[in-house]
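The values are calculated or read from the model by the stated rules, or taken from the named source; none is laboratory data. A quick note: this is a predicted structure, and the numbers were derived from the prediction, not measured. Ideal geometry is used to build each Cβ from the backbone, glycine not excepted, and the neighbour counts take in all protein chains shown. To get the accessible areas, we keep the full protein, side chains included, count just its heavy atoms, and leave off ligands, DNA and RNA. Shrake-Rupley method; radii C 1.70, N 1.55, O 1.52, S 1.80 Å.
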Amino acid sequence: MDRWKGRVALVTGASVGIGAAVTRALVQQGMRVVGCARNVDKIEKLAAECQSAGYSGTLIPYKCDLSNEEEILSMFSAIKTLHKGVDVCINNAGLAHNEPLLSGKTEGWRNMIDVNVLALSICTREAYKSMKERYVDDGHIININSMGGHRLVPSADEHFYCATKYAVTALTEGIRQELREEKTHIRATCISPGIVETEFAFRHHNSDPEKAAAVYESIKCLKAEDVASAVTFVLSAPPHVQIGDVQMRPVEQVS
């Protein structure tokens, strides 16, 4: 990870869960991390914790609603002005709504597409543009996907969410192919965790906290730090090594 010290990473959805764990890990490794979310209070608290811990990197909190393209573009403009640009883009932000295919609300479907698919694509485009204009040839785009992007969870509540994650699987491979066509050494990687014990299930099943708790009580789940370790593993691979897709799940997870 030494070659990343002092360089700039963007982590979306950095306030909680996997995003917060990834952000902390990269700051600990000496990177300048722009952590964005709609609510920056928790990111500001994390920044103070990283500073108190004596980490060699820096965390810069940034308020951004990823469902709004103008806010994303404004964020990249600010990063360019203040920090020259992005060298690593971690597309972590994602959400799920209980909206089945046969009875779901369009609003919920649209929100999942806006955040899970479009925001990821916009951030990737803008990150690549930032790298290209600064002649950065060793940048990295990492998409935090899900095992739900590789097989369909047998639950109507999850089907549309899984569809957006299947899109992430396809988008990551498409990004990789386009980067090769551009003759660049910028890499694209997809990290697909199974069940991770975060606040995700409680947000997903916000009207049924017992159901959310049962998700995490059924098996020994992955921790957010496990996914963060996968991110640093991918970033620490030699520049000539392309890691396409990291699938990781709890040993006890069946599906």
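For the range 1-36, which residues satisfy the criterion of being assigned to a strand (DSSP E or B) and open to solvent by 10 Å² or more (accessible area, probe 1.4 Å)?
Across the range 1-36, the qualifying residue is only R32.
Would you please name the residue that is farthest from S121 (Cα to Cα), looking only at residues in the range 132-155 that are over 20 Å from the mean Cα position of the chain (by Cα) and open to solvent by less than 50 Å² (accessible area, probe 1.4 Å)?
In this case the residue turns out to be S155.
Within the range 66-121, how many residues are hydroxyl-bearing (S, T, Y), in a loop (DSSP other than H, G, I, E, B) and either within 21 Å of M31 (Cβ to Cβ) or touching a helix residue (DSSP H, G or I) at 6+ places or on another chain (Cβ under 7 Å) (or both)?
Here the count works out to 1.
Identify the single condition in (1) among the small types (G, A, S); (2) closer than 21 Å to D245 by Cα; (3) part of a loop (DSSP other than H, G, I, E, B) that S56 does not satisfy, given that it satisfies every other one.
For S56, the failing item is (2).
Taking the range 131-150 on its own, how many of its residues are out of contact with any Ser or Thr (no Cβ under 7 Å at 6 or more places or on another chain), part of a loop (DSSP other than H, G, I, E, B) and in contact (Cβ under 8 Å) with a residue 24 or more places away in the chain?
4
With respect to the numbered conditions (1) over 15 Å from the mean Cα position of the chain (by Cα); (2) open to solvent by 60 Å² or more (accessible area, probe 1.4 Å); (3) over 20 Å from S255 (Cα atoms), which one is the sole condition not fulfilled by G174?
Status for G174: all satisfied but (2).
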